[in-house]
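Report on one structure; see the data block that follows.
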Amino acid sequence: MRKVYLLMAVAAIMVVGCKNIGSKKAAQEAAAAEAAAEEAAAEQAERINKAIEEVEASESMTALEAVEALSRAQVVEGANLSDELAGNPDAAVPFAVVEEKPTFNGGDANDFSKWVSENIVYPEDAKNRQVSGRVILQFTVNKDGEVKDVQVVKGVDPVIDAEAVRVVSASPKWAAGNQAGIPVNVRYTFPVVFKLN
């Protein structure tokens, strides 16, 4: 009987040891995945910053060209969006590129640029101080077509930045983007130009 208890004790120790090894391996895999995700995010941030610098340096770039350049910077090379959607059934994480882009009033980002320019109010304080420039915003057109999470990526002046956020946040609904026939959240990087006459 003693041998049986001894064998049971040894087996229990081995099981606990195996679980600990499995836990350590799972922790190492999780840490490696987190490090890879951080590296990918850093690379994407670097691409976006480089695109912002190129957009700012260009005097002749149209709003649509600027939006396209900033959108291209968000694309992860070799990323399979269908795989991303399969791992994201609620489509809570915004896509940078989709099969069917969101549309604004039946048009594209250029139509949205026109709407923004018609609704922007140049702050008097900024006019008096002769402040101008290009505010780079990021926002999400969610799967319901609403503009959400408007953030300043690169600002010019707090007064101008706030006006850009105000106008973009007040956007009418868009027609949502689709991936594999499913409405998804889509992330945009968008320039708002403030230019004194």
Name the long-range amide H neighbours of Glu146: under 5 Å, sequence gap of 5 or more, or other chain; modelled H, no Pro or chain starts. Trp174
Quick one: which residues, 5 or more positions from Gln179 or on another chain, have an amide H under 5 Å from its amide H? H modelled 1.01 Å from N in the peptide plane, none for Pro or chain starts. Val184
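Would you mind ranking Val168, Val153 so that the residue whose beta carbon has the fewest other beta carbons within 10 Å leads the list?
On the way: Val168 23, Val153 16.
So the residues, fewest neighbours to most, are Val153, Val168.
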Overall form of the range 106-197 per C-alpha gyration tensor (a/c, 1.5; a/b vs b/c): prolate
Vicinal HN-Hα couplings computed from phi for the range 105-116 (Karplus, 6.51 cos²θ - 1.76 cosθ + 1.60; Hz; Gly/Pro x): 6, x, x, 10, 4, 5, 5, 5, 4, 4, 4, 4
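Readers should treat all values here as calculations from the given coordinates under stated rules, not as data from a laboratory. Keep in mind that what you see is a predicted model, and the values were worked out from it rather than measured. Note that each Cβ is placed from the backbone with ideal geometry, even for glycine, and that neighbours are counted across all protein chains shown.
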